[in-house]
Structures are given as C-alpha cells and as structure tokens.
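Okay, structure first, notes after.
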C-alpha cells in the first residue's frame, strides 16, 4: 500500500482512537486535515488495511460496520443504544470461555463475537 498522507492518517487514527470508527467517521477526521480527500479514498484505504490484516471490522447491526486496529487484544464492546458510546470488554468480563464451550458442545471455536447493547451511566441520568 502506498504511504500517502491520507493512508498514514487513517492508520494513525485507527491505531490511536479509543473506539471502533466507521468509514464516515474516519473520512470526517481525515478531511479535517486533508480537506480534498474523497470518501472513496478512505474506503479503499480501509479495505486495503483490512485485506492486509492490519485492521478488522466490527459489525454492529443497527450501527453498521466499524473498524479498529488489529494489534489490540481480543475484546468485545458494549454500546450505548442512546448516545453510541462504546466500552471494551474482554472474555473474562463476560465469563466466556472457549474451553467451556468446547467441553459442553464438542465444538472447536475458531472465532467468536459478542455484541452487547445497553444504556451508559451518562444517559441513565
């Protein structure tokens, strides 16, 4: 992948941002620094990063796809259904164990994704 200014910026955003970002959100951040960058450019950059295994897609049904850097440890998200705030959770937070699933079902888990939605503390007030 060419190291254009837009590609470097998209990679930096995904590496450092605290939550998964949609392509639209990435495009807005990139355009703040590089105003002439097209949405399609950001779309192609994210596609190449995903194909290279550097980012992965997080699919939230109603909210659409988001992307985050692949270097993070495996985790899940809980998302506020009102404001969209997300918090990372790992398997231990959920009491999830691939080994227990295998013992109970005989399945060897090769991938899992757990989607949680609720109302964050700020929106509860």
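Which one of the conditions (1) within 25 Å of residue 116 (Cα to Cα); (2) free of Cβ contacts under 8 Å to residues at least 40 places away in the same chain; (3) part of a helix (DSSP H, G or I) does residue 53 fail to meet, given that it meets all the rest? It fails just one condition, (3). When residue 22 is tested against (1) more than 25 Å from residue 73 (Cβ to Cβ); (2) in contact with a strand residue (DSSP E or B) (Cβ under 9 Å, 6 or more places away or on another chain); (3) surrounded by 15 or more Cβ atoms within 10 Å (Cβ to Cβ), just one condition goes unmet, and that condition is (1).
No other residue among 116, 108, 82 is loosely packed, with under 10 Cβ neighbours inside 10 Å, farther than 25 Å from residue 43 by Cα and in contact with a helix residue (DSSP H, G or I) (Cβ under 9 Å, 6 or more places away or on another chain) apart from 108.
Every read-out reported here was derived from the displayed coordinates using simple, explicitly stated rules and does not represent laboratory data. Keep in mind the model is a prediction, meaning the values are calculated, not measured. Using ideal geometry, Cβ is built from the backbone for each residue, glycine included, and neighbour counts are taken over all protein chains shown.
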